[in-house]
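Reviewing the structure listed below.
The values are calculated or read from the model by the stated rules, or taken from the named source; none is laboratory data. Values in this document were obtained by computation on a predicted structure and should not be read as measured data. Here the Cβ positions follow ideal geometry from the backbone for every residue, glycine too, while neighbour counts run over all protein chains shown. These area figures cover heavy atoms from the full protein model, side chains too; ligands, DNA and RNA do not enter into them. Shrake-Rupley method; radii C 1.70, N 1.55, O 1.52, S 1.80 Å.
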Amino acid sequence: MLTSTLTGRRLWIAALVVPPMAFMCLFLVYPILSAFAYAFYEWHGLARGDFIWFDNFHRVLFEYPFSERTINAFKHNIIVFFALMVLQNGVGFILAYCLWRELWGARFHRIAVFLPVVLSTVIVGLLWKLFLHPLFGAVNVSFRSLGLGALAQPWLGQDSTALAAIIAANAWHMVGFPTLVFLAGMQRIPSEILDAVRMETESEWVKMSKIVWPLVAPSATVVFTLLFVGAFNWFELPFVMAGIDGSPHGATDVLGLYFYRTAFGSMSASAENFGPGSALAVLIFLFIAVISSVITLKLRKREIQL
């Protein structure tokens, strides 16, 4: 009887575990291993050629014009990461604090801040392209109506403003996510601690910087790690707003766009090139996996120390 019960339990556990494991192996592990394998071969269109060891990696990292484009795209990803760290996570923390303190209209603003997150990235990209249109876009029209016509710019049409404009659109789209995560962390702070702090000081800055910020460290770990992964996987919004070539003149090119253009071809890169494209995908994967693991471990240690 006992043996029959154990067998039934094992079958039940296997029925729960095996399907998702098979799904992950088929749609996650197999594509990753395939990309690793493709990176070590020479490709002639869709036909696989000889095994060439690390030549594709060498081309991507050290041979012109691949190396120049790789470095240019990587620099833009770094800029995106730090800019979103301030605009998205920094503003998200301040908004979460205001909502947590139940300032005026907190219930309405809680919904309003999170609403853009549920919108499709394609819709957000098209919406912001209209907002930033140089002739009839809401941004330039607003500047002109306020007598600040000198500030009206072709935001997506010039090198100096294109990347910043897309970063601003991304921050508007996603600021609700860190806000929600930080707010959840703040709502878990014990009321006894807050009562003790109120007896010591009335300064909101001291409460926010010395008490609340350290106590929401687990939330910070989540949003920082996800932001890092998202910043170096950035693709949808620059693709919709600036095109696959990272227009203008590569000013908005990032690793995701460069990988797609190299592997699958475009008007500027012409035919697809699976070898360097796969090598680039492997490098992006390894970079994100290693650095995000280090960031997570460092931030976890910080949580324990706090």
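Using a Förster radius of 45 Å, what is the FRET efficiency between E202 and V229 based on their Cβ-Cβ separation? Nearest 0.05, please.
0.70
Apply the a/c threshold of 1.5 to the C-alpha gyration tensor of segment 152-196 and tell me whether it is rounded, prolate or oblate.
Judged from the Cα gyration tensor, segment 152-196 comes out prolate (a/c at least 1.5, a/b above b/c).
So what is the diffusion coefficient of segment 188-298 in µm² per second by Stokes-Einstein at 10 °C and 1.306 mPa s, using a Kirkwood Rh over Cα pairs?
Estimated via Stokes-Einstein, D reaches 92 µm²/s.
All other residues with a Cβ under 15 Å from the Cβ of P190 taken together, and with Lys, Arg as +1 and Asp, Glu as -1, what is their net charge? Mind dumping the intermediate values first?
Details: positive: R188, R198, K207; negative: E192, D195.
So the environment of P190 carries a net charge of +1.
Tell me, what is the per residue accessible area of the chain in Å², probe radius 1.4 Å?
59
For segment 50-169, count the residues as N, evaluate 2.2 N^0.38 Å, and divide the Cα radius of gyration by that value, please.
Dividing the Cα Rg of segment 50-169 by 2.2 N^0.38 Å gives 1.49.
What's the percent breakdown of Cα-Cα distances in segment 1-120 across 10 Å bins, shortest bin first?
10, 16, 17, 20, 21, 13, 2, 0
As a test of the definition: which semi-axes, in Å, follow for segment 1-71 when you take the square root of five times each eigenvalue of its alpha carbon gyration tensor? Largest first, please.
Ellipsoid semi-axes (Å, largest first): 47, 13, 9.
Using 0.36 nm per residue, how much length does the chain from A289 to I71 gain when fully extended, once their Cα-Cα distance is taken away?
Difference between extended and current length: 76.6 nm.
I need the Kirkwood Rh of segment 235-301: take the reciprocal of the average 1/r across all distinct C-alpha pairs and report it in angstrom.
Computed over Cα pairs of segment 235-301, the Kirkwood hydrodynamic radius comes out at 13.1 Å.
Given labels modelled 7 Å from the Cα in the Cβ direction, how far is it in nm from K210 to E63?
6.0
Please work out the Cα center distance from segment 20-69 to segment 231-306, rounded to the nearest Å.
Between the Cα centre of segment 20-69 and that of segment 231-306, the gap is 15 Å.
Select from L95, L119, L183 the residue whose mean-square fluctuation is largest in a Gaussian network model of the chain (Cα-Cα springs shorter than 10 Å).
L119
To the nearest 20 Debye, how big is the dipole of segment 39-128 about its Cα centre, given +1 on the beta carbon of each Lys and Arg and -1 on that of each Asp and Glu? Walk me through the numbers before you get to the answer.
On the way: 7 positive and 6 negative charges, 113 e Å.
Around 540 debye, computed over segment 39-128.
Per 10 Å bin, what is the whole-percent P(r) computed from every C-alpha pair distance within the chain?
Percent of Cα pairs in each bin: 5, 20, 25, 23, 17, 8, 2, 0, 0.
For the chain, what does the helix formula give at 222 nm: sum of -39500 (n - 2.57) over DSSP H segments with n ≥ 4, over the residue count, nearest 500 deg cm²/dmol?
Details: 15 runs with 200 residues, N = 306.
Calculated mean residue ellipticity at 222 nm is -21000 deg cm²/dmol.
Roughly speaking, what is the stretch gain from E42 to L135, that is 0.36 nm per residue apart minus the C-alpha to C-alpha distance, in nm to one decimal?
Taking 0.36 nm per residue and subtracting the Cα distance, the gain is 28.7 nm.
Could you grab the relative contact order for the chain? Cα pairs under 8 Å, six or more apart, rounded to a whole percent.
25
Identify which of Y41, Y64, Y258 has the largest mean-square fluctuation in a Gaussian network model of the chain, with springs joining Cα atoms closer than 10 Å.
The residue that fluctuates most here is Y64.
Report, largest value first, the span of the C-alpha coordinates of segment 121-245 along each principal axis, in whole Å.
56, 37, 23
If you take every residue apart from P154 with its C-beta less than 15 Å away from the C-beta of P154, what net charge results, scoring Lys and Arg +1 and Asp and Glu -1?
Residues near P154 contribute +1 overall.
Using 7 Å Cα-to-Cβ label points, what is the V18/R302 separation (nm, one decimal)?
4.5
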